[in-house]
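**Student:** Structure below; questions to follow.
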Amino acid sequence: MMLRLLSSLLLVALASGCGRPSYQPSSRVVNGEDAAPYSWPWQVSLQYEKSGAFHHTCGGSLIAPDWVMTAGHCISSSLTYQVVLGEYNRAEEEGSEQVIPINAGDLFVHPLWNPNCVACGNDIALIKLSRSAQLGGTVQLACLPPAGDILPNGAPCYISGWGRLHTGGPLPDKLQQALLPVVDYDHCSKLDWWGSSVKKTMVCAGGDILSGCNGDSGGPLNCPTADGSWQVHGVTSFVSAFGCNTIKKPTVFTRVSAFNDWIEEVMSSH
């Protein structure tokens, strides 16, 4: 009953204003170019502590006022984390940032995630914030797709993040975005593409000169809906060992719509 109630509350919350940025994303096709400031207001920077300072390691999506969704491979039980919301230019204090510490016991990695087998799937984690985010123009909730929802080939989704600008390259200061058309499972699982490395619980997108890269991990694959809002269909998981933008090796994401039940269960029990 509690789970059903939470699901209903989630649906109400999602229907009432997630996925609609106050600052509109730029409409041009981009290749690792600056996103419009605050146009992905659910984007977070996940940071870990080292030698008294915090460093960006992964992206994530704010899916409830006190919950962030990221990748399982972004989480280590031996590290101390914080989440930064309302971030755009990491090199400047812009006044919109919300820095929220994470308690060690509030990291929830999918129980079937295996760090020695990224291609096995289940690369998803949830983080409970130590205090709720203050929602507004620069910090908003992501919408999640309905359970089982699968996008058609070529659907125009955007990756966003502070990942490296190219293989082995620098991390950018400003949030980047790139248009990554979805590559459906039939194409992505072909032998000369990802073959058996890609599972039906994943989403492929891109596979040309546009891609995710190190540091984008855990961040969202943002996809438009018919009503003009955006849904986060993917959690950035892996790219080719041959380079971030290898032909026929699209960026691979955990398919969010395969994990709705797990997400709801974790959130309702913690």
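The values are calculated or read from the model by the stated rules, or taken from the named source; none is laboratory data. Everything numeric in this text was worked out from a predicted model, so none of it was measured. Every residue, glycine among them, receives a Cβ derived from its backbone with ideal geometry; neighbour counts consider all protein chains shown.
**Student:** Name the residues in region 94-128 that are within 20 Å of Cys204 (Cβ to Cβ), touching a strand residue (DSSP E or B) at 6+ places or on another chain (Cβ under 9 Å) and part of a loop (DSSP other than H, G, I, E, B), would you?
**Tutor:** His110, Trp113, Gly121, Asn122, Asp123, Ile124
**Student:** Just to check your reading of the model, which residue among Leu191, Leu179 is surrounded by fewer than 15 Cβ atoms within 10 Å (Cβ to Cβ) and of a type outside the set (Gly, Ala, Ser)? Reasoning before the result, please.
**Tutor:** On the way: Leu179 fails: surrounded by fewer than 15 Cβ atoms within 10 Å (Cβ to Cβ).
After ruling out the rest, the residue left standing is Leu191.
**Student:** Then there's this: Just need a number here: residues in region 47-84 that are in a strand (DSSP E or B) and over 17 Å from Gly105 (Cβ atoms). Walk me through it before giving the result.
**Tutor:** Step one: filter region 47-84 for residues in a strand (DSSP E or B), giving 47-50, 53-64, 67-70, 81-84.
Remaining after also requiring over 17 Å from Gly105 (Cβ atoms): 47, 50, 53-64, 69, 84.
Of the residues in region 47-84, 16 are in a strand (DSSP E or B) and over 17 Å from Gly105 (Cβ atoms).
**Student:** Is there any pair with a first residue in region 80-106 that is on the phi > 0 side of the Ramachandran plot and a second that is assigned to a loop (DSSP other than H, G, I, E, B) and surrounded by 15 or more Cβ atoms within 10 Å (Cβ to Cβ) whose Cβ atoms are under 8 Å apart and which are 6 or more apart or on different chains, and what are they?
**Tutor:** Gly86/Tyr38; Gly86/Pro41; Gly86/Ser96; Gly86/Glu97; Gly86/Thr138; Gly86/Val139
**Student:** May I pose another question? Restricting attention to region 137-146, does a residue exist that is surrounded by fewer than 18 Cβ atoms within 10 Å (Cβ to Cβ), without any contact (Cβ under 8 Å) to a residue 40 or more places away in the chain and assigned to a loop (DSSP other than H, G, I, E, B)?
**Tutor:** Within region 137-146, the subset surrounded by fewer than 18 Cβ atoms within 10 Å (Cβ to Cβ) is 137, 146.
Imposing the further condition that a residue be without any contact (Cβ under 8 Å) to a residue 40 or more places away in the chain reduces the set to none.
Checked against the condition, which is being surrounded by fewer than 18 Cβ atoms within 10 Å (Cβ to Cβ), without any contact (Cβ under 8 Å) to a residue 40 or more places away in the chain and assigned to a loop (DSSP other than H, G, I, E, B), region 137-146 yields no hits at all.
Every residue, every condition in (1) closer than 28 Å to Val252 by Cβ; (2) in contact with a His (Cβ under 7 Å, 6 or more places away or on another chain); (3) surrounded by 17 or more Cβ atoms within 10 Å (Cβ to Cβ), yes or no:
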| residue | (1), (2), (3) |
| --- | --- |
| Tyr38 | yes, no, yes |
| Ala71 | yes, no, yes |
| Ser76 | yes, no, no |
| Val83 | yes, no, yes |
| Gly86 | no, no, yes |
| Arg90 | yes, yes, yes |
| Ile100 | no, no, yes |
| Asn103 | no, no, no |
| Val109 | yes, no, yes |
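**Student:** Could I ask something else about it? Go through region 51-77 and report how many residues are without any contact (Cβ under 8 Å) to a residue 24 or more places away in the chain and either on the phi < 0 side of the Ramachandran plot or within 12 Å of the chain's Cα centre (by Cα) (or both).
**Tutor:** Step one: filter region 51-77 for residues without any contact (Cβ under 8 Å) to a residue 24 or more places away in the chain, giving 51-53, 55.
Pick out the ones that are also either on the phi < 0 side of the Ramachandran plot or within 12 Å of the chain's Cα centre (by Cα) (or both) and you get 53, 55.
Looking only at that region, the number is 2.
**Student:** Looking only at region 176-207, filter to residues that are in contact with a Ser or Thr (Cβ under 6 Å, 6 or more places away or on another chain) and assigned to a loop (DSSP other than H, G, I, E, B); which one of those is modelled with the highest pLDDT?
**Tutor:** Val198
**Student:** On to the next question. Out of curiosity, is Leu221 at pLDDT 90 or above, aliphatic (A, V, I, L, M) and not in a strand (DSSP E or B)? Don't jump to the end; show me each part of the working.
**Tutor:** Working: at pLDDT 90 or above: yes; aliphatic (A, V, I, L, M): yes; not in a strand (DSSP E or B): no.
Here the answer is no, as Leu221 does not meet what is asked.
**Student:** Something else: Would you check which residues across region 134-177 are in contact with a Gly (Cβ under 6 Å, 6 or more places away or on another chain) and β-branched (Val, Ile, Thr) and list them?
**Tutor:** Answer for region 134-177, where residues must be in contact with a Gly (Cβ under 6 Å, 6 or more places away or on another chain) and β-branched (Val, Ile, Thr): Thr138, Val139, Ile159, Thr167.
**Student:** Taking region 52-69 as the region of interest, how many residues are surrounded by fewer than 24 Cβ atoms within 10 Å (Cβ to Cβ) and not β-branched (Val, Ile, Thr)?
**Tutor:** Just the residues of region 52-69 that are surrounded by fewer than 24 Cβ atoms within 10 Å (Cβ to Cβ), to begin with: 52-57, 64-67.
Checking the rest, the ones that are also not β-branched (Val, Ile, Thr) come to 52-56, 64-67.
Going through region 52-69 one residue at a time, the tally reaches 9.
**Student:** What pairs come out if I take residues in region 113-135 that are surrounded by fewer than 17 Cβ atoms within 10 Å (Cβ to Cβ) and pair them with residues that are in a strand (DSSP E or B) whose C-beta lies under 7 Å away, six or more apart or interchain?
**Tutor:** Ser130/Ile100; Ser130/Pro101; Arg131/Ile100; Gln134/Gln98
**Student:** Still on this model: For region 250-265, does any single residue satisfy the condition of being surrounded by fewer than 24 Cβ atoms within 10 Å (Cβ to Cβ), at pLDDT below 95 and either among the acidic types (Asp, Glu) or closer than 21 Å to Pro21 by Cα (or both)? Let's see the steps before the verdict.
**Tutor:** Let us first name the residues in region 250-265 that are surrounded by fewer than 24 Cβ atoms within 10 Å (Cβ to Cβ), namely 257-265.
Narrowing the set further to residues that are at pLDDT below 95 leaves none.
No, region 250-265 contains no residue that is surrounded by fewer than 24 Cβ atoms within 10 Å (Cβ to Cβ), at pLDDT below 95 and either among the acidic types (Asp, Glu) or closer than 21 Å to Pro21 by Cα (or both).
**Student:** Mind checking whether some residue in region 181-198 is in contact with a helix residue (DSSP H, G or I) (Cβ under 6 Å, 6 or more places away or on another chain) and over 18 Å from Arg255 (Cα atoms)? Show your work before the answer.
**Tutor:** So in region 181-198, the residues in contact with a helix residue (DSSP H, G or I) (Cβ under 6 Å, 6 or more places away or on another chain) come out as 194, 197-198.
So of that shortlist, the ones also over 18 Å from Arg255 (Cα atoms) come out as none.
No, region 181-198 contains no residue that is in contact with a helix residue (DSSP H, G or I) (Cβ under 6 Å, 6 or more places away or on another chain) and over 18 Å from Arg255 (Cα atoms).
**Student:** Filter region 35-50 down to the residues that are over 12 Å from the mean Cα position of the chain (by Cα) and of a type in the set (Ser, Thr, Tyr) and list them by number.
**Tutor:** Those that are over 12 Å from the mean Cα position of the chain (by Cα) and of a type in the set (Ser, Thr, Tyr): Tyr38, Ser39, Tyr48.
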